[in-house]
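Following: one structure in structure tokens, then a few remarks.
The values are calculated or read from the model by the stated rules, or taken from the named source; none is laboratory data. As the structure is a computational prediction, the values presented were derived from the model and not from experiment. Cβ: placed from backbone, ideal geometry, glycine included. Neighbour counts: every protein chain shown. For accessibility, only protein heavy atoms count, side chains too; no ligands or nucleic acids. Shrake-Rupley method; radii C 1.70, N 1.55, O 1.52, S 1.80 Å.
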Amino acid sequence: MSIAWSWYEEAEKKAKKEEEEKEKELGVEGEGGIIHIILAETNEWSSEFATRREVAPRWCRDASSPTRRDRDERSTHSIKTKRMMAMVTSALALSRGSALLTSRAGVLRSSRMTMATYATFKTTKGDFKAELYMDQLPITSSNFADLAKTGFYDGLHFHRVIKGFMCQFGCPKSKDPRSPVAGTGGPPPGSTYTTPDGTSITRNGGNIPDELVAEISNEPMTLSMANTGQPNSGGSQIFINTKHNSFLDYFDASSPSKHPVFGKVVEGEDIVYAIEGTPTGPRDSPVEPVMVTTIEITED
């Protein structure tokens with residue numbers, strides 16, 4: 001029997017004995033602090049194992065041609081690790097009131113706050129679904145979500161569709177698809193909504209603040225805020241881009257347009273292209289009206 005192999009057997013016996021002592025200690029105390037002792041022991045043992053392998057004979061270190069002994073040693077290390085993790089799991093179960101679990105609960109609460117938000121457009125052409133970038137553009141995304149939840153968008157029509165450019169939607173005056181003033185309206189002046197962090201936003205004059213914070217380009221299937229070209233003039237109307245319209249990006253110096261992207265279609269792209277392809281008449285208004293019956297907001 002080689003010196004290296006003898007050392008591994010002795011190390012395993014020593015580790016098993018210490019492990020049994022820790023198990024007894026866990027059975028008596030059962031506090032969160034024991035977890036750190038177990039983890040420290042695991043790390044120390046693994047580190048020592050790695051060091052010994054560096055000075056062990058080649059048959060023990062060469063992973064390209066493992067011998068039976070080499071495989072046995074790896075198996076021993078794996079079993080040891082599994083036993084340690086089992087002890088950690090037990091300690092966690094016994095330490096429900098510990099700070100560690102309290103911290104974990106905080107992480108879970110945080111993850112709920114960052115759940116993805118989706119908007120499903122129910123239209124007379126079919127349904128499509130878009131993800132809202134609530135974490136990156138909370139002011140713009142929350143504005144859209146609030147209007148959808150309160151039924152503002154129900155029964156409105158796509159009032160402007162330009163093939164190879166975009167589909168425009170969201171004007172309250174488009175309830176009548178033939179209205180000559182469709183495209184000139186917005187939310188009620190002075191109305192308010194709340195962002196995920198609890199901030200209350202007032203729509204001054206029916207408009208929201210420009211949120212030019214995330215450099216997301218107006219690529220195909222993205223949702224961006226429509227506006228009059230003036231600062232802080234966005235309200236309820238949106239573009240659904242069907243082409244990469246980089247000139248609409250606020251960070252593109254080639255034009256003065258500033259249309260922040262706050263979402264993207266993730267399902268039903270064919271429906272969007274079907275809307276884009278509908279024949280249009282004066283003012284780029286669809287000859288056959290395309291209505292959005294409702295927009296459902298969900299989290300996942």
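Structural remarks
- Charge tally around Ser236: other residues with Cβ under 12 Å, Lys/Arg +1 each, Asp/Glu -1 each, net +1.
- Taking Lys and Arg as +1 and Asp and Glu as -1, the other residues whose beta-carbon sits under 14 Å from that of Phe247 total -1.
- Shape category assigned to the stretch 216-267 from the gyration tensor of Cα positions, a/c cut at 1.5: oblate
- Three-way shape label, the stretch 158-217, alpha-carbon gyration tensor, a/c 1.5: oblate
- Accessible heavy-atom area order of Glu276, Glu269, highest first, probe of 1.4 Å: Glu269, Glu276
- Under 9 Å, Cβ to Cβ, from Ser285 - net charge with Lys/Arg +1 and Asp/Glu -1: +2
- Protection proxy ranking, highest mean first, for peptides 142-155, 184-197: 142-155, 184-197, where packing is the per-residue count of other beta-carbon atoms within 10 Å, averaged.
- For the stretch 152-223, the share of accessible area belonging to carbon and sulfur comes to 52 percent (1.4 Å probe, ligands and nucleic acids excluded).
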